[in-house]
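The values are calculated or read from the model by the stated rules, or taken from the named source; none is laboratory data. This is a predicted model, so every value here is computed, not measured. Backbone-built Cβ (ideal geometry, glycine too); neighbour counts: all protein chains shown.
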Amino acid sequence: MVQAVIDAVEALVVADAAAAPDEDLVDDLIGLAGVSGLVDVALARRLSVFGARGLHAREGATNAHAWLEVRSELASDRLYRLHRSGSDLVACPHVLGAYESGTLGSAKVEMLLRARAGFVELFAEDEADLVAAIAPLSVAQAKTAIGSWRRHAEALRDSQSDDGVDPATDESRNTLHASKTFGGRFKIDADVDAVTGQRFVDELEARRAARFADGTFHADDGLVRSQRDAVAFGEILAAGALGGEHRGGPRPSVHVSCDAKDLLGSAAEEVADIVNRRCHLDDGTVLGRSVAERLLCDADVTEVLTYFGIDGTRLPLGVVHHRRRPTRRERDALRERDRGCVFPGCTAPVGRTDAHHTVPYEIGRRTKLDELVLLCRFHHHQVHEGGFRLARTQGHVHVTAPDGTPLTVVPPGHKVPPPTPPPRRQPPQPGTDDLAA
């Protein structure tokens with residue numbers, strides 16, 4: 001059987017593709033794409049069995065994929081993924097069956113297996129529904145659907161433990177290094193979260209397009225894309241140095257697609273509902289709800305009421321313009337009142353702050369001065385995603401730590417009575433269950 005497949009593929013390789021009729025060319029492309037997936041699953045399964053039997057050790061190889069690497073033209077990273085996926089597929093009968101039948105291709109299978117990591121039991125419960133849900137989707141649509149399931153799984157885990165935030169949106173991991181090189185030049189290297197990265201990429205693309213529009217860039221200018229991006233990067237830095245927000249310049253923005261039920265915190269139980277939720281960037285990168293709330297907290301927003309279909313269809317139902325971001329006058333009043341970040345102990349100046357809604361906009365549907373406070377980017381992140389709670393009452397800002405410890409900011413010249421300590425937790429009565437344990 002394998003030899004027959006090899007013979008058929010070899011016949012296509014030696015055939016003159018340029019001379020093939022249109023119908024044959026279409027059939028060949030679709031057929032080869034399908035065969036490539038079947039070859040991957042066959043390789044993955046046999047590589048896993050080969051390794052389990054220890055046949056590689058007969059010739060002194062450390063593992064199965066290392067053995068095959070020296071006997072083929074396959075790259076080591078691809079062989080490693082095949083070897084690993086072969087072992088995982090054995091435990092995923094629905095994914096394996098869809099893979100072998102050609103219902104799912106390699107890209108979707110790899111995404112499913114990556115999403116499964118760390119959530120084996122939950123994945124086993126939802127596996128059949130997940131396969132059915134993503135089978136008719138494109139790879140890009142499947143990425144968003146699987147990402148939504150993974151985010152749901154992480155939310156379930158985080159409600160039971162404290163394992164931190166999603167690495168993709170964890171701003172505390174952001175790093176940037178600028179080092180001077182030979183000849184006085186600089187090398188800049190950065191590793192940033194998904195939102196910051198998307199903001200930067202979108203701004204680069206906008207400035208690159210503008211330079212093409214005004215004739216600075218053109219097809220025969222002799223520049224490659226990286227050189228044009230360097231020009232755009234310099235413009236971004238120059239724009240920031242010339243004024244930034246306090247001079248009225250708009251900050252870089254991102255496009256976020258959010259499901260209303262998701263923003264309102266409605267629970268999702270069925271897989272069909274989970275994979276149809278939307279909280280992601282334009283490129284499909286899935287965001288946590290708290291990240292979306294933080295982005296929406298200090299923004300000018302045009303809400304496009306849209307019906308999302310799992311197959312990628314979108315039906316706009318209406319457009320509503322909302323002013324979530326304070327006006328210039330309100331911002332001036334915030335500057336005069338708060339004088340910087342209001343989080344206890346923070347000295348960040350006004351120019352490094354966002355306006356935070358103490359009453360979430362999704363609930364209050366308004367932007368009012370007495371419901372706004374200034375927070376630096378770090379503490380804005382902490383309030384939305386770090387478990388800290390913040391409220392403003394009678395002109396005073398009250399902050400509560402995740403463990404319930406109250407932290408209060410007292411303006412100069414004011415005295416605020418100490419907050420009432422939370423009631424002590426009563427021991428369970430005999431014969432009852434301690435639900436908080």
Within region 217-226, does at least one residue satisfy the condition of being of a type in the set (D, E, K, R), in a helix (DSSP H, G or I) and either more than 29 Å from residue 386 (Cβ to Cβ) or without any contact (Cβ under 8 Å) to a residue 60 or more places away in the chain (or both)? yes
Scan of region 87-115 for residues that are over 22 Å from residue 63 (Cβ atoms), assigned to a helix (DSSP H, G or I) and of a type outside the set (A, V, I, L, M, F, W, C), ordered by number: 93, 94, 97, 99, 100, 101, 108
Just one of the numbered conditions (1) under 23 Å from the mean Cα position of the chain (by Cα); (2) in contact (Cβ under 8 Å) with a residue 12 or more places away in the chain is not true of residue 117; which one? (2)
Filter pass, residue 151 being at pLDDT below 90 and touching a strand residue (DSSP E or B) at 6+ places or on another chain (Cβ under 7 Å): yes
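Sort out which residues of region 341-368 are in a helix (DSSP H, G or I) and modelled with pLDDT under 80, and write them in order of number.
First pass over region 341-368, keeping only residues in a helix (DSSP H, G or I): 350-352, 361-364.
The answer is 351, 352, 361, 362, 363, 364.
Against the condition in a helix (DSSP H, G or I), touching an Asp or Glu at 6+ places or on another chain (Cβ under 9 Å) and modelled with pLDDT under 85, how does residue 199 come out, does it pass? Walk me through how you get there before you give the answer.
Values: in a helix (DSSP H, G or I): yes; touching an Asp or Glu at 6+ places or on another chain (Cβ under 9 Å): no; modelled with pLDDT under 85: yes.
In short, no.
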Restricting region 182-218 to residues that are under 29 Å from residue 280 (Cα atoms) and acidic (Asp, Glu), which is surrounded by the most Cβ atoms within 10 Å (Cβ to Cβ)? 193
